[in-house]
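Each value in this text was obtained by applying a stated rule to the coordinates, not by laboratory testing. Keep in mind that this is a model prediction, so the values were computed, not measured. Counting neighbours? That spans all protein chains shown, and the Cβs are built from the backbone with ideal geometry, glycine included.
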């Protein structure tokens, strides 16, 4: 059995991204709740890259921090001057010299390439005579793209749009920018690239012609145009978001979720659905949300970092914040917010409630306007509520406080002390009535 070829992925992340008009580095802008850089690192890793090298520009501490957060073992290399793509790849020379069979070159601002496409790009390098594999795509409108130029049915070179002759200008097979290079031939090719061009830069694409001159084979792997969409401005970022959302929705529905209006549901890269989940329109799923089988998410709900149990119902107009864990058959209704709390099976909070930093026992009912008072301006405190508790309308549970099983909290109570199991707790002034006071008050003001 042949041993798998070792792969190094070099991810170029040195671009300034001036057209984004942002204080945030371009590659840190997010798609579906994850940075462009993180998307690319995840894709090349899934394609078999066992080592990652990120090339960035001087002073890009935020990019380095994100790379280390996502891939702690990644090596960071600095391209001291912006002298072209081949020069950027050579910035990672130290990693290349370690000896890998395959070198993948990816761009951090091209985040939609699927892992399968990266894996296919590596494929031709298994042939001893193949030095380079280029990712190409058929463009609906090829203007502005570099074209793949063939001679005798083999790729001879990549020519920029401005350098095309009239015949070549009609070609539609374009350069996607990504490339895989045989490790043993990589440095020899890259170090032979010159910069005798109008920009005075070292172009990675020149490696194709150099390889052919040396009698080496260059392969072309094709991918859909949407995968190689590069992002340089906010409009392209929005277009990429739309593509990614379409992918995520299709995968969710293929796995058994129902979306009543798919185009009106926003997903994150890691949103998980069990079978027979139903999602109404205008729901936002931020990162870290898991939805159990048969749950229903009603319209206009906003969920981030939450786990929803089987058969639960959330919304409409509900907000689940990080750390919200809902058990089986929990009901969270309109204008209810849950944060950093565990709700046991069958808990109901159907309207106008806030549950923060709490543990709520099974079958507890939380009335409208009830809240946990979890913050004193300096410290967060927890509320613990036993099973089968009834919390009346407009009650405030001032943490830290524990409510025993089966207890009943009277309407409008402010609970500051623990309540025993099965007790009735009332914490409000006794009602006082003054006969004819209102009539006298009105008469006085009329005069």
*Express in nm, to one decimal, how much length is gained between residue 80 and residue 21 on full extension, taking 0.36 nm for each residue of separation and deducting their alpha carbon distance.*
19.0 nm
*Quickly work out the residue 242-to-residue 152 label distance, labels modelled 7 Å from Cα along the C-beta direction, and quote it in nm with one decimal.*
4.5 nm
*For n ≥ 4 DSSP H runs only, could you compute -39500 (n - 2.57) per run for the chain, divide by its residues and tell me the 222 nm figure to the nearest 500?*
-5500 deg cm²/dmol
*Given labels modelled 7 Å from the Cα in the Cβ direction, how far is it in nm from residue 269 to residue 254?*
1.9 nm
*Roughly how many Å is it from the Cα centre of region 394-435 to that of region 43-99, as a whole number?*
59 Å
*Using alpha carbon centroids, what distance separates region 178-204 and region 152-169, in Å?*
18 Å
_Model label zone, residue 101; criterion: amide N under 20 Å from point 7 Å along Cα-to-beta-carbon; scope region 181-195_ = 181-188
*Compute the Rg to Rh ratio over region 138-254 from the alpha carbon atoms, using the Kirkwood formula for Rh, and round to two decimal places.*
1.03
*Which FRET efficiency, nearest 0.05, do residue 350 and residue 447 yield, Cβ-Cβ r, R0 45 Å?*
0.45
_Share, in percent, of DSSP beta bridges within the chain that are antiparallel, nearest 5_ = 20 percent
*Potential lengthening between residue 417 and residue 192 on full extension [0.36 nm per residue; Cα-Cα distance subtracted]*: 73.2 nm
*asked:* Run the simple label-point estimate for residue 140 and residue 437 please: 7 Å along Cα→C-beta, distance reported in nm.
replied: 7.2 nm
*Using alpha carbons only, how many degrees (0 to 90, rounded to 10) separate the axis of helix 437-446 from the longest principal axis of the chain?*
70 degrees
*asked:* Looking only at region 7-228, where both bridge partners belong to it, what percent of the DSSP beta bridges are antiparallel (to the nearest 5)?
replied: 45 percent
*If the viscosity is 1.002 mPa s and the temperature 20 °C, what translational diffusion coefficient in µm²/s does Stokes-Einstein give for region 207-361 when Rh comes from Kirkwood over Cα pairs?*
124 µm²/s
*May I have the pair-distance distribution P(r) for region 288-340, computed from all Cα-Cα distances with 5 Å bins from 0 and rounded to whole percent?*
7, 26, 34, 30, 3
_Alpha carbon convex hull of the chain, projected area averaged over orientations, nm²_ = 32.6 nm²
*What ranking, highest mean first, results for peptides 222-228, 44-50 when packing means the other Cβ atoms within 10 Å averaged over each residue?*
44-50, 222-228
*Once the Cβ-Cβ distance between residue 114 and residue 426 is put in as r, and R0 is 60 Å, what FRET efficiency do you end up with, to the nearest 0.05?*
0.45
*Give the Rg (one decimal place) followed by the Dmax (whole number) of region 7-228, computed from C-alpha coordinates and expressed in Å.*
16.5, 49
*For region 366-447, what number results from the quotient of the Cα radius of gyration and 2.2 N^0.38 Å?*
1.50
*Want the number for residue 168 to residue 300: 0.36 nm per residue separation, take away the alpha-carbon distance, what's left?*
42.4 nm
*asked:* What FRET efficiency comes out for residue 214 versus residue 68 if R0 is 41 angstrom and r is the Cβ-Cβ distance? Round to the nearest 0.05.
replied: 0.60
*Backbone N under 13 Å from the residue 261 label point (7 Å along Cα→Cβ), restricted to region 270-302*: 280-284, 299-301
